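K.L.:
Let me begin by handing over the structure; questions about it come next.
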Amino acid sequence: MRTILKTFAILVLVVSAFSCKQEADKPEKKAVTKSPASENYNISILLDLSDRISLEKNPNPTMEYYQRDLGYIKSVSEAFTEHLKSKRIRQIDDKMQLFFNPEPKDPEINSISQKLKIVIDKNNASKDLLNSINASYASQTSKIYESAIKDNNFIGSDIWSFFDSKIKDQCIEKNSRNILVILTDGYMFFENTIMKEANRTTFITPELIRKNGLNTSDWEKKMQTQDFGFIKTSGDLSNLEVLVLGINPNRNNPYEEKVIKAYWSKWFTEMKIKRFEIKNADLPSDIEKIIKDFILQKKL
């Protein structure tokens with residue numbers, strides 16, 4: 001009996017070892033992941049053409065704010081073309097566009113913005129077209145800022161309304177990686193969109209921050225307990241990524257920058273935007289890597 005049991009045990013060990021060897025010899029199944037290069041990009045740039053770019057009201061001897069904007073746009077354009085050049089022609093189906101809200105009254109600016117709506121697919125992609133995008137974006141956006149500054153009639157920027165009623169139709173597409181780059185100082189105000197619900201508003205200004213007592217060291221506690229922030233906009237924006245550039249807080253309040261970023265972060269989180277970055281109005285050379293890493297999905 002013992003001999004039979006011993007023989008059976010040996011057979012079990014042999015079969016088990018053979019099975020393990022067969023399992024080990026099987027080719028390893030690799031997880032199938034989508035290459036970033038094969039993604040379709042849908043990049044939108046929202047310009048805040050308010051008096052933040054005024055050479056009279058907000059001069060900056062190091063580099064004017066409109067020039068910083070142009071530097072940021074240059075980096076966005078370069079990241080877009082770098083992405084396009086990493087794809088095969090038959091994979092290309094990408095877009096880059098530029099928006100204002102409200103639209104400037106100057107018809108020339110609106111005409112220029114139409115030229116900056118770039119749609120590239122396998123039917124029109126060419127080496128010449130790809131090589132022309134950066135120069136075209138640089139020259140055309142420069143004309144927009146020059147015209148706005150010359151006009152000197154800054155009507156403000158209605159960013160809240162853009163998110164509430166336009167962003168889904170204009171900046172989000174299925175089967176694309178949707179990226180919105182906002183160029184703004186972080187303040188939000190438009191006279192036709194002034195709303196208040198308890199401690200929620202559609203705007204934020206230095207006066208509002210001061211009035212709400214968010215200019216002291218306990219600003220964060222007040223913001224949480226009294227629910228200060230932007231009024232929520234409708235809809236789920238979980239398929240949108242947002243990069244905000246140009247935050248320029250009032251230096252009279254040492255907590256202003258943190259308050260502004262907290263307002264925007266709270267708003268984005270409530271809209272279910274999972275990936276966003278909010279950066280100051282630093283020199284373009286300092287922001288270039290941040291922009292390209294964000295757009296090209298490199299680790300920030």
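K.L.:
Hey, in the GNM for the chain with a 10 angstrom Cα cutoff, which one of S86, S77, S50 fluctuates hardest?
P.N.:
Checking each option, the largest mean-square fluctuation is seen for S86.
K.L.:
In degrees from 0 to 90, rounded to the nearest 10, what is the angle of the helix 127-151 Cα long axis to the longest principal axis of the chain?
P.N.:
Approximately 30 degrees, to the nearest 10.
K.L.:
Which entries in K115/K143; K105/K274; K143/K289; K95/K289 show an alpha-carbon gap greater than 23 Å? Spell out each step's value before the answer.
P.N.:
Details: K115/K143 12 Å; K105/K274 35 Å; K143/K289 25 Å; K95/K289 21 Å.
Cα-Cα > 23 Å for K105/K274; K143/K289; rest within.
K.L.:
Continuing with this model, one more query. Among DSSP beta bridges lying fully in segment 165-245, give the percent that are antiparallel, nearest 5.
P.N.:
On the way: 3 of 11 bridges.
So the antiparallel bridges amount to about 25 percent of the total.
K.L.:
Using a simple charge model, +1 on the beta-carbon of Lys and Arg, -1 on the beta-carbon of Asp and Glu, nothing else, what dipole does the chain show about its Cα centre, in debye to the nearest 20?
P.N.:
Values: 46 positive and 41 negative charges, 350 e Å.
It works out to roughly 1680 debye.
K.L.:
Next question. Give the residue list of trypsin sites (Lys or Arg not before Pro) in segment 207-276 that are DSSP loop and have at most 10 other beta-carbon atoms within 10 angstrom.
P.N.:
Details: sites: R210, K211, K221, K222, K232, R251, K258, K261, K266, K272, K274, R275; in loops: K232, R251, K272, K274.
Sparse-neighbourhood loop trypsin sites (Lys or Arg not before Pro): R251.
K.L.:
Additional query: Where both residues lie in the chain, what percent of DSSP beta bridges are antiparallel, nearest 5? Let's see the in-between values first.
P.N.:
Numbers: 8 of 35 bridges.
About 25 percent, rounded to the nearest 5.
K.L.:
Let me ask another. Can you tell me the length gained on complete extension of the stretch K196 to K221, counting 0.36 nm per residue apart and subtracting the Cα distance?
P.N.:
Numbers: separation 25, 0.36 × 25 = 9.00 nm, distance 2.06 nm.
That pair, K196 and K221, stretches by 6.9 nm at full extension.
K.L.:
Which residue, T141, F100, F162, has the largest displacement toward the positive end of the dipole of segment 99-173 when charges sit on each Cβ (Lys, Arg +1; Asp, Glu -1)?
P.N.:
Working it through, the farthest residue towards the positive pole turns out to be T141.
K.L.:
I want the antiparallel fraction of DSSP beta bridges within segment 36-150, as a percent rounded to 5. Can you show the working numbers first?
P.N.:
On the way: 4 of 10 bridges.
Antiparallel bridges make up about 40 percent of those DSSP assigns within segment 36-150.
K.L.:
Could you work out [θ]222 nm for the chain from helices alone, using -39500 (n - 2.57) per DSSP H run of at least four and dividing by all its residues? Round to the nearest 500 deg cm²/dmol.
P.N.:
On the way: 9 runs with 124 residues, N = 300.
So the helix-based figure for the chain works out to -13500 deg cm²/dmol.
K.L.:
May I ask for the net charge around R90, where only other residues with Cβ less than 14 Å from the Cβ of R90 are counted and Lys, Arg are +1 while Asp, Glu are -1? List each step's numbers first, then the result.
P.N.:
Numbers: positive: K87, R88, K122; negative: D93, D94, D121.
Value of the local net charge: 0.
K.L.:
Using the Cα centre of segment 184-289 as the reference point, and only Cβ charges (+1 on K/R, -1 on D/E), how large is the resulting charge dipole? Debye, rounded to the nearest 20. All intermediate terms of the calculation are to be shown ahead of the outcome.
P.N.:
Numbers: 16 positive and 16 negative charges, 62 e Å.
In total the dipole reaches around 300 debye.
K.L.:
Right, another one. Could you report the chain's accessible area per residue, 1.4 Å probe, as an integer in Å²? Write down the numbers at each step before the final one.
P.N.:
Numbers: 16630 Å² over 300 residues.
That works out to 55 Å² for each residue.
K.L.:
Moving on. Heavy atoms only, 1.4 Å probe, whole protein assembly: order S238, S44 by accessible area, highest first. Spell out each step's value before the answer.
P.N.:
Details: S238 50, S44 0 Å².
Greatest to least solvent exposure: S238, S44.
K.L.:
Shifting gears a bit: Using a probe of 1.4 angstrom, how much of the accessible area of segment 116-172 is carbon and sulfur, in percent?
P.N.:
Values: 1260 of 2890 Å².
Whole-percent figure for carbon plus sulfur exposure: 44.
The values are calculated or read from the model by the stated rules, or taken from the named source; none is laboratory data. All of these numbers come straight from a predicted model, not from anything done at the bench. Note that we place each Cβ from the backbone using ideal geometry, even for glycine, and neighbour counts take in every protein chain shown. Heads up: the accessible areas ignore ligands, DNA and RNA and are worked out on the full protein's heavy atoms, side chains in. Shrake-Rupley method; radii C 1.70, N 1.55, O 1.52, S 1.80 Å.
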